[in-house]
Amino acid sequence: MPNTDEYIGVVISDVARLLRTAFDRRVHRLGITRAQWLVLTRLHRHPGASQSELAEMMEVEKASAGRMIDRLEARGWVQRRAKPDDRRVKRVYLTPEAERVHRRIWRVAEATVEDALVDLSARESVQMMRLLTRVKKTLAAGMDGAANGNGTAAPRTARAHRPNGSAAP
């Protein structure tokens with residue numbers, strides 16, 4: 001059985017989990033949860049998203065997204081607005097206060113990543129970002145192809161020369 005601590009998928013998962021944990025500890029003092037931060041971030045990137053769209057972006061059920069939006073609305077951080085051509089659809093927007101919160105928490109997120117990368121040179125950080133971006137694009141393209149019924153798996157022989165690439169979990 002392979003050593004899973006040296007498998008790239010496990011390492012990526014562990015790094016992501018540790019980053020989330022470090023971030024959660026830092027923002028806890030600010031009175032916001034990761035779920036709330038995710039909603040703010042998605043709405044900052046996609047103003048006017050519907051509840052259904054937010055649920056899809058966050059990979060949660062529509063009802064869960066609705067409850068998060070309710071809590072953020074109660075704090076004065078989001079507004080629901082009826083879509084002019086279909087009043088049944090509510091679009092969600094950040095308030096100016098939420099934009100300020102987003103900027104503040106974004107600084108915390110940046111500091112968390114900077115602290116995590118402190119042992120890497122600037123060149124190594126840039127290289128890691130390029131490589132992870134390529135992997136992300138490959139995975140996203142595969143997901144898009146699979147959703148359209150056109151997805152094909154990458155040939156396993158292409159991974160044979162890569163360390164730790166032969167045993168997928």
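Here, each number is a calculation from the coordinates, and none is a lab measurement. Model, not experiment: these values are computed from the prediction. Positions of Cβ are generated from backbone atoms using ideal geometry, with glycine treated the same way; all protein chains shown enter the neighbour counts.
Applying 1/(1 + (r/R0)^6) with r as the Cβ-Cβ distance of ARG123 and ASP14 and R0 = 35 angstrom yields a FRET efficiency of 0.90.
With contacts taken as Cα pairs under 8 Å at a separation of at least 6 residues, segment 19-153 carries a relative contact order of 21 percent. Measuring r between the beta carbons of ALA141 and ARG29 and using R0 = 41 Å, the FRET efficiency lands at 0.55. List the residues, sorted by chain then number, that are 5 or more residues from VAL78 or on another chain and whose placed amide H is less than 5 Å from its amide H. When sequence neighbours closer than 5 places are left aside, the close amide H contacts are GLU73, THR95. Taking each residue as 0.36 nm, the span from ASP115 to TYR93 lengthens on full extension beyond its C-alpha to C-alpha distance by 4.8 nm. Distant-in-sequence amide contacts of ALA49, defined by a placed amide H-H separation under 5 Å and a gap of 5 or more residues or a different chain, comprise VAL92.
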